[in-house]
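In what follows, a single structure is set out as structure tokens and then discussed.
The values are calculated or read from the model by the stated rules, or taken from the named source; none is laboratory data. In this text the structure is predicted, and so the values were computed from the model without any measurement. Note: ideal-geometry Cβ built from the backbone for every residue, glycine included; neighbour counts use all protein chains shown. Each accessible area value is taken on the protein alone, full model and side chains, heavy atoms only, with ligands, DNA and RNA left out. Shrake-Rupley method; radii C 1.70, N 1.55, O 1.52, S 1.80 Å.
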Amino acid sequence: MVDTYIVDKDGNQANAASVTVPSDRNFRGAWVLNGAVISEDVDSAREIFKDKVREARAPLLEAKDVELMKALETGADTTAIAAAKNALRDAPAAAAIASASTIEELKAAWDTSVLGASPY
């Protein structure tokens, strides 16, 4: 039988059979080995979360760009489109993300009104 090793964000490794592993793998890149327990570093998880926000907003921004061009061509009001684009640009800097002190709070910081359905 081959042993499986888990490597944390700092390169520390442990036999997977001998450590307690978080059930949620969404923030795998933020795992930290602490004795026989793997926990999640919230600061690292926050960066992973922000990257996920950026990934989710990219197609939304592209769609708003198309909407803006169409509105400009027809002379329609672009105020709401500009506001939506600003909200998307500002999404990774949301206060709820910065103030999250647990993984659960971080997941709850996903702004569905701006980004759509949460991947968590």
Checklist entry - Looking at A14, is it open to solvent by less than 60 Å² (accessible area, probe 1.4 Å), part of a strand (DSSP E or B) and out of contact with any helix residue (DSSP H, G or I) (no Cβ under 6 Å at 6 or more places or on another chain)? => result yes
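How many of the residues making up region 87-120 are outside any loop (DSSP other than H, G, I, E, B), over 19 Å from R28 (Cβ atoms) and either among the acidic types (D, E) or free of Cβ contacts under 8 Å to residues at least 12 places away in the same chain (or both)? Please lay out each step first, then the result.
Going residue by residue through region 87-120, those that are outside any loop (DSSP other than H, G, I, E, B) are 87-93, 95-99, 103-108, 112-115.
Cutting the leftovers down to over 19 Å from R28 (Cβ atoms) gives us 87-93, 95-96, 98-99, 108, 112-115.
Remaining after also requiring either among the acidic types (D, E) or free of Cβ contacts under 8 Å to residues at least 12 places away in the same chain (or both): 90, 93, 95, 99, 112-113.
Adding up the residues that qualify gives 6.
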Checklist entry - What's the number of the condition L61 fails, among (1) open to solvent by 50 Å² or more (accessible area, probe 1.4 Å); (2) part of a helix (DSSP H, G or I)? => result (1)
